[in-house]
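Notes follow the structure.
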Amino acid sequence: MALNVTDLRVYYRTLRGEVKALDGVTFSVADGEIMGLAGESGSGKSTLAKSLIRLDGRMRHVGGTVELDGKTMPLSDDTGMDRFRFREVSLIPQYSMSALNPTRKIGKMVGELLESRGERPERAELERRLELVGLSKDVLDRYPIELSGGMKQRVVMVVSTLLNPSLLIADEITSALDVSSQKAVATTLLGFRDRGLVTSMMVVTHDISLVYQIADTIMVMYAGRLAEKAPADVLVTAPRHPYTKQLISALPEVGVRYEDRRLTGIPGNPPSLLKPPGGCRFRDRCPLAFEQCAEQPPFAEVAPGHFVACWKAE
Amino acid sequence: MRNEALHFALRNRKLVVGTVVIAVFLVAGLAGPLMFDHGPNDYVGPAMAPPSGEFWFGTTTFGQDVFAQFVYGLRATFLVGVLGGVLAAAVGMVVGFVAGYRGGWVDELLNMLTNIVLVLPALVVLLIINAYLGVRSIGVQALFIGLTSWPWAARAIRAQTFSLRSRDFVDLARLSGVRTPKIILREIAPNMSSYLFLTFILLFGSAILVAASLDFIGLGPTQGVSLGLMLNNAARWSALQLGLWWWFIPPGAGITAIVGALYVMNVGLDEVFNPKLREM
Amino acid sequence: MRRYFGRKLLIYGLTFFVAVTINWMIPRFMPGDPVQSMLSRANVAQPAAVEAMRAHYTAMFGLDLPLWQQYLNFWGSLLKGDLGISIWLFPTPVSDVIVRAVPYTLGLLIPSILLSWFAGNRFGAFAARRKWLDNSVLPIGYVLTATPYMWLAILLAWALGIVAGIFPVAGAYGFDLQASWSWTFLGSLAQHWFLPFASLFLVAFGGWAIGMRNMIIYELEADYVNYLRALGAPTRLVRRYAFRNAILPQVTGLALQLGVLVAGALVTEIVFSYPGLGHLILQAIQNQDFFLLQGTFLFIVIGVLIANFIIDVAYVLVDPRTRTGMGGAA
C-alpha cells in the first residue's frame, strides 16, 4: 500500500472560526495507482493535496493519520516533513509557470536544490529526463523567462520527479492549458508512472473528462468529505452517489473547458464548512434525500474497489 | 469583508500606534496655539531660558517661546504635508490613470514626462524656484512640492490601472458605452482605493520632509513659523554652540515623530488590506 | 540592449534639456528683477566690480534680444562651459567655484550611499520574518528613515561634537591647516568627514533596511518559494533566493532615491559648514548669487543623470531578465 489516509481532518483558521475544509477522510492509494481527485472548488480536494506535502500558515492538522509506504507522516511538523518531501512525496503545483526562481538559470537552480537536500546532481540523468518530456538539454542554461509556459511546466514536472517519489501530487496542472497541451501533459504523467519514475499519483482536477483518460481510479469529494471512489470507467459509466451522477451527467463532450459550464445541472450550493450541518452534506441538494440522511453515511465498499458514502448506494 | 478589515485594523499595533501619534500632534497643533495670547515669534520671556513651568520648551536667544513656536509650527507642517500630499496624489492619479488606461502613445508620452520629473532631483529644482520667489508662503511651497513629487505615485498607479484595465467589469463598462473618465472613477479607482490611500500617506510624509529641508536651507515661508524654520533659526543663531538643546530638539523630534508615524501607519494599513502580510 | 539604453539616454537627454530650460526660464519669468538685486548686492560689497558685472549680465542675459535668441545664446555659453561669474567670490567663474566644491560632496555621498545600501539590504533581509528582530529593530529603522537629515546631523554635531568633544563640527579640515598630502592633514580631513558621513549613512540605512525587509516578506510568499518549500528546500536556500530577487527592486530604488540622498547631503553639509555643494547653495542664497545657484543646480542634475545611467548598467548586470529580454535570445 503506497498511501493510507485515515480519518484525516484539516481545518482552516479564520476570523469567524474554523472552516472544516477536510473533515474526516479515509482512503488509500495502491502502488502504481493513478488516482484522479475531483470535486468543485471548496470540496476540500486542494486542501487534501496540500496537507499531504505542506500545510500553509492557516491550516491546522486536527486529527487523523497519513501513512506513506508504512511510515507515518508528521503533517504539522514542517521540518519533520522535509524528510518526506521531494524524496517520498512530491508536487507539481498549479502555478508551474511561476514556480521557478526567475533569477537563476534552470540547471543551476536544480543543482542547488539537489545539493541543499544532500543529493548529488547528476547532469546526465537530468538531461535524460528532460529528453523524456521533449526538452533539449539547452534549457538548463536558460532563465525561466526564456521558456514558454508549456516548457516551464515540463521542466517543473521533471524537477518534481527527479528523486523518484512514491507519491506524486499533480495539483490542477492542466487548468491553464489549451486542449492539446492538456492531452500532452496527461500523456507525460502516464509515462512517468509506466517508466517507474513515480510509484503512485494523485491527480487533482475539476475536469473529470480529462482525468478519466489517465486515471486508474477516480475519487470524488464533496464539502470536505469523500463521496465516491471507484475504478475510473466504473465511476464514469456507473456512478452510485447521486452527486457523482449529477456531475457525470453534466459532463460535456471531452475537451470542453470546465469553467464554461460550472455544474449548472445541480441546483443549490454546497453548505458552509464553518458550521456544517450534521449528516450527509449533500442532502439539501439531493433528489433522493430521506430521513436517514440526517445521519452521516459511511464510506462503504459496495463492490470491490468501489466506495460510496450514500445510504441509497446499494 | 469590511468588518474583517476593521477587526484587523483595531488589532494592528503599527496602525494603532501610528494613528495615535498623528492624532496627538494634530490636536497639539490645533489646540496648542489657543493657549497663547502672544504670537509664536513675539519676544515674551528672558533670553536663552531652559525649559520651565512657564516656558515648557524654554526660550530662544531672543526670548521667544519655543513651545509656542512648536505648536504653531505643527500647523504649518501638517498644512504643507496635506496640501503637498493631496496635490501630488491628484497629479499622480490623473497621470497614472490616464497613462495606464489609455495606453498607446498617450502612455508613452506621459511615461516620458513621468520619467523626466522622476530623475530631476526635486529638492534642487525647488531650491531654484524658491530662491527667486521674493515672498514665499506655505501654499506656494506646497504647490511646488506637489508639482515635483508625484512621479513615483503616477508610476505605481499606472501599473495598477494597467492590470485592472482588462478585467471583466471594466470590459463590461466599456462595452456598455460608459465614457472613459467615468470608467476610471467608477470602476478602476474604487478597486484600488486602499492602494491610493497608502500612496497619499507616503506623499504626505515626504512633503513634510521636503518642506523641512527647504525651510532649513532658508527658503521657507517668509512669514510665520514652521518646524523646519525653527531648525533653521536654531542653526543660524548658534543654538548648538550655545548649548540651547531645547531649541533644536523639539522641532526635529516633531517632524521625525509625525513622518515616522505616517510610515508605520502605512505598513499597518498595508497589513490590514493585504491578508498575506498579516502575522498569524 | 541597444533599445533599452537608447531609451534611457533619450530620457536623460530630455531631462537635461528640461533642466537647462528651467534654469533659463526661472530668472526671466519669476516676479522681481534678479539682475538688479544681484547688482545692488554687489554694489555694497564690491563697488569696483559693478561695471564689469553689468557688461557681463548684458551679454549673458541679453535681455534686449528676442526670447528665442536669448535662449540660443544661453545654450551657446553653457556649451562653452560658461556658467557666469560668482558674486559671492567675485570674480571667480562659477564653474571654478563648483569644481572646487564637488570633491567634498562626492566624498560624502558616494561612501554613504554605497555603504548604507549594502549594509541596509543585508540587515533588512536578515531581520525579515525573524520575530524579535522584526519587532525591536524595525521601529528604529522607521524612526531613522523618518528623521530629517539635518536634524540627525545637528544631534550628532551637538552630542559627539560639542558635548562630548570627540569630533569637530565645522569645515572639512582644521582652520590652521593648509591642504596637502601630509598625515596631519589627512587625519584632520577624516575627522571632519566622519560626522556628516555618519548622519547621512544612518538615515539612508534605515530606509534600505525597511525596504529590503518588506521586499523579502513579499518574496517569501512568491510561488517559487512555495515550490522550493514543497520540495523540502532548507530555509537557507530559500532566503538566499529571496534575497537575490528582492535586491532587484532595491537597485531601482537606489535610482529613485538619488534625489533625496543628494538633498540630504546638501542640508548635512550646511549643518557642518562642510565646503561642498550644499554649502555653496547656502552661500548663493544668502548672497543672492543666482549664477552660482543655477550653476550648482545644473551640476547636480548632470551628476544625478550620470549616476542614474550607472545604475541602469548595474541593473542590466544583476537582472538576467533585462538581458535576455533585450538580447532577443530565442
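Brief remarks on what is shown
- Listing of helices (runs of 4 or more DSSP H) fully contained in the range C:84-190 that carry 3 or more residues being of a type in the set (S, T, N, Q): C:94-127
- Boolean, C:Ala209 is part of a helix (DSSP H, G or I), in contact with a Gly (Cβ under 7 Å, 6 or more places away or on another chain) and not hydroxyl-bearing (Ser, Thr, Tyr): yes
- Only one of the numbered conditions (1) within 29 Å of C:Ala146 (Cβ to Cβ); (2) out of contact with any strand residue (DSSP E or B) (no Cβ under 6 Å at 6 or more places or on another chain); (3) touching a residue at least 12 places away in the same chain (Cβ under 8 Å) is not met by B:Val24, and that is (3).
For (1) under 26 Å from C:Ile210 (Cα atoms); (2) within 10 Å of another protein chain (Cβ to nearest Cβ), each residue gets a yes or a no:
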{"site": "B:Leu203", "(1), (2)": "yes, no"}
{"site": "B:Leu219", "(1), (2)": "no, yes"}
{"site": "B:Gly228", "(1), (2)": "yes, yes"}
{"site": "B:Ser238", "(1), (2)": "no, no"}
{"site": "B:Gln241", "(1), (2)": "no, yes"}
{"site": "B:Ala261", "(1), (2)": "yes, yes"}
{"site": "B:Val264", "(1), (2)": "yes, yes"}
{"site": "B:Val267", "(1), (2)": "yes, yes"}
{"site": "B:Asp270", "(1), (2)": "yes, yes"}
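- Looking across the range C:274-288 at every residue that is within 10 Å of another protein chain (Cβ to nearest Cβ) and over 13 Å from the mean Cα position of the chain (by Cα), the one that is nearest to C:Gly161 (Cα to Cα) is identified as C:Leu282.
- Residue list for the range A:8-36, filter: buried (at least 17 other Cβ atoms within 10 Å of the Cβ) and over 20 Å from A:Pro271 (Cβ atoms): A:Phe27, A:Val29, A:Glu33, A:Ile34, A:Met35, A:Gly36
- From the list A:Ser28, A:Ser76, the lone residue that is modelled with pLDDT under 90 and farther than 27 Å from A:Arg154 by Cβ is A:Ser76.
- Yes/no for B:Phe57 being surrounded by 15 or more Cβ atoms within 10 Å (Cβ to Cβ) and part of a helix (DSSP H, G or I): no
- Lone unmet requirement of (1) away from chain A (no Cβ under 13 Å); (2) surrounded by fewer than 19 Cβ atoms within 10 Å (Cβ to Cβ) for C:Gln294: (2)
- In the range A:212-222, the residues that are outside any strand (DSSP E or B) and either acidic (Asp, Glu) or surrounded by 24 or more Cβ atoms within 10 Å (Cβ to Cβ) (or both): A:Ala215, A:Asp216
- Condition met for A:Glu88 (within 14 Å of chain C (Cβ to nearest Cβ), within 22 Å of A:Asp194 (Cα to Cα), out of contact with any helix residue (DSSP H, G or I) (no Cβ under 6 Å at 6 or more places or on another chain) and not hydrophobic (A, V, I, L, M, F, W, C)): yes
- The combined condition, being touching a Gly at 6+ places or on another chain (Cβ under 8 Å), of a type in the set (Val, Ile, Thr), within 10 Å of chain B (Cβ to nearest Cβ) and surrounded by 20 or more Cβ atoms within 10 Å (Cβ to Cβ), is fulfilled by C:Val262.
- Within the range C:232-249, residues that are more than 17 Å from C:Phe123 (Cβ to Cβ) and more than 7 Å from every other protein chain (Cβ to nearest Cβ) reach partners that are β-branched (Val, Ile, Thr) and in a helix (DSSP H, G or I) with beta carbons closer than 8 Å, at six or more positions or on different chains, in the pairs C:Val238/C:Val225; C:Leu248/C:Val318.
- So A:Arg128, is it part of a loop (DSSP other than H, G, I, E, B) and either without any contact (Cβ under 8 Å) to a residue 60 or more places away in the chain or touching a strand residue (DSSP E or B) at 6+ places or on another chain (Cβ under 9 Å) (or both): no
- Extreme residue, farthest from the other protein chains (Cβ to nearest Cβ), among residues of the range B:127-151 that are under 18 Å from the mean Cα position of the chain (by Cα) and either among the hydroxyl-bearing types (Ser, Thr, Tyr) or farther than 28 Å from C:Leu280 by Cβ (or both): B:Gly139
- The sole residue among C:Gly165, C:Gly174 that is within 14 Å of chain B (Cβ to nearest Cβ), over 21 Å from the mean Cα position of the chain (by Cα) and under 25 Å from B:Leu240 (Cβ atoms) is C:Gly165.
- Filter result for the condition that a residue is surrounded by 19 or more Cβ atoms within 10 Å (Cβ to Cβ) and not in a strand (DSSP E or B), over A:Leu91, A:Leu113: A:Leu113
- Looking across the range A:94-110, the residues that are within 9 Å of chain C (Cβ to nearest Cβ), in a helix (DSSP H, G or I) and over 20 Å from A:Gly191 (Cβ atoms) come down to A:Met97, A:Ser98, A:Met109.
- Residues of the range C:105-161 that are surrounded by fewer than 16 Cβ atoms within 10 Å (Cβ to Cβ) and within 21 Å of C:Gly278 (Cβ to Cβ): C:Leu106, C:Ile110, C:Pro111, C:Leu114, C:Leu115.
- A search for C-beta distances below 9 Å between a residue of the range B:32-52 that is touching a residue at least 60 places away in the same chain (Cβ under 8 Å) and any residue that is of a type in the set (D, E, K, R) and not in a loop (DSSP other than H, G, I, E, B), counting only pairs 6+ apart in sequence or on different chains, returns B:Pro40/B:Asp65.
- Evaluation of A:Glu127 against (1) at the interface with another protein chain (Cβ under 9 Å from one of its Cβ atoms); (2) at pLDDT 90 or above (one fails), failing number: (1)
- Condition met for C:Arg229 (closer than 29 Å to C:Val262 by Cα, assigned to a helix (DSSP H, G or I) and facing another protein chain (nearest Cβ under 10 Å)): no
- Candidates C:Leu305, C:Leu254, filtered to the one that is within 10 Å of another protein chain (Cβ to nearest Cβ), assigned to a helix (DSSP H, G or I) and touching a residue at least 40 places away in the same chain (Cβ under 8 Å): C:Leu305
- Here the range A:51-67 is the region considered, the condition is being in contact (Cβ under 8 Å) with a residue 60 or more places away in the chain and either within 14 Å of another protein chain (Cβ to nearest Cβ) or of a type in the set (D, E, K, R) (or both), and the residue that is farthest from A:Ser175 (Cα to Cα) is A:Glu67.
- Of all residues in the range A:276-291, those that are touching a residue at least 60 places away in the same chain (Cβ under 8 Å) and surrounded by 12 or more Cβ atoms within 10 Å (Cβ to Cβ) have Cβ atoms under 6 Å from Cβ atoms of residues that are among the aromatic types (Phe, Trp, Tyr) and not in a loop (DSSP other than H, G, I, E, B), 6 or more apart or on another chain, in A:Phe282/A:Tyr222; A:Phe282/A:Tyr243.
- Top-ranked residue in the range B:243-255 [being farther than 16 Å from C:Val267 by Cα and small (Gly, Ala, Ser); ranked as farthest from the other protein chains (Cβ to nearest Cβ)]: B:Gly254
The values are calculated or read from the model by the stated rules, or taken from the named source; none is laboratory data. The structure displayed is predicted, hence computed values, not measured ones. Cβ atoms come from the backbone with ideal geometry, glycine included; neighbour counts cover every protein chain shown.
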